[in-house]
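Reading through the structure tokens given below for one structure.
The values are calculated or read from the model by the stated rules, or taken from the named source; none is laboratory data. Keep in mind it's a predicted model, so treat the numbers as computed, not measured. All Cβ positions, even for glycine, are placed from backbone atoms using ideal geometry, and neighbour counts span all protein chains on display.
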Amino acid sequence: MGMDSYLVEGEEILAQAGSFYASNKRLIKYKKHLNGDELDDIPYSYITSVGVVRKTRRGFIRSGISIAIVGFSTLTIGITIMPTLKSITDLWGNPLASQAIPAISGVPFPGLDLASFLKPLIPFGIATIALGVLLILLGVFLPQVFIQFRAPTLTTDTEAKFRLGGIGKETSLNLVRIVRQQSMAKKSESVNVQSPENRENQT
């Protein structure tokens with residue numbers, strides 16, 4: 001099924017930007033997936049505002065904090081344990097001490113440098129901390145910018161579906177222009193429509 005299958009009688013598409021379609025009756029968000037179609041819509045009379053929103057990238061910030069914590073822990077382990085292992089290695093390298101320490105599987109301890117196993121942890125920890133800080137800065141100073149369509153019927157979750165990126169593109173600007181025109185026209189029509197009680201009072 002395609003987008004045309006969901007149009008009602010007399011409905012036609014006036015503009016499109018990405019997965020958003022502005023018809024002469026409503027704003028439609030349509031996506032085609034392998035396991036089926038996804039469609040959400042808002043009648044123009046329900047749309048209260050259309051605005052540009054700047055929002056921090058919380059996913060970047062959370063990921064950055066987690067990565068930075070891993071890097072800090074790795075760096076701390078490397079700095080804290082390496083001196084201890086270096087001391088043990090020096091002790092094994094001492095001729096007098098090595099005679100008192102038995103060999104394991106025939107391999108003498110003086111040839112084993114335990115501290116060398118943890119040396120890569122320090123540059124890895126520094127690089128991981130730097131990556132985490134970079135993600136945090138990107139999340140704070142490089143916010144996500146999008147066009148938000150708002151309506152009283154939209155919840156927090158459904159409002160997130162009606163976010164249009166690419167605000168600088170002509171297709172997005174054209175769709176927003178059509179949505180505003182249609183929304184204002186529908187609201188004007190609803191104001192001009194009088195109830196039967198008002199008509200009786202006028203007569």
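Please enumerate the residues belonging to segment 16-42 that are in contact with an Asp or Glu (Cβ under 8 Å, 6 or more places away or on another chain), crowded, with 16+ Cβ neighbours inside 10 Å and in a strand (DSSP E or B).
Answer for segment 16-42, where residues must be in contact with an Asp or Glu (Cβ under 8 Å, 6 or more places away or on another chain), crowded, with 16+ Cβ neighbours inside 10 Å and in a strand (DSSP E or B): 23, 26, 27, 28, 29, 30.
Return the residues of segment 1-58 that are on the phi > 0 side of the Ramachandran plot and under 24 Å from the mean Cα position of the chain (by Cα); say none if nothing qualifies.
Hits for segment 1-58 are 18, 36.
Look at segment 176-193 and say how many of its residues are surrounded by 12 or more Cβ atoms within 10 Å (Cβ to Cβ) and either touching a Gly at 6+ places or on another chain (Cβ under 9 Å) or β-branched (Val, Ile, Thr) (or both).
3
Checking the condition touching a strand residue (DSSP E or B) at 6+ places or on another chain (Cβ under 7 Å), farther than 24 Å from residue 14 by Cα and of a type in the set (A, V, I, L, M), which residue from 145, 133 passes?
Every option except 145 fails the conditions.
Among the residues of segment 148-157, is any over 26 Å from the mean Cα position of the chain (by Cα) and not in a helix (DSSP H, G or I)?
Scanning segment 148-157, I find no residue that is over 26 Å from the mean Cα position of the chain (by Cα) and not in a helix (DSSP H, G or I), so the answer is no.
Over 30 Å from residue 189 (Cα atoms), buried (at least 17 other Cβ atoms within 10 Å of the Cβ) and at pLDDT 90 or above, is that true of residue 64?
It is true that residue 64 is over 30 Å from residue 189 (Cα atoms), buried (at least 17 other Cβ atoms within 10 Å of the Cβ) and at pLDDT 90 or above.
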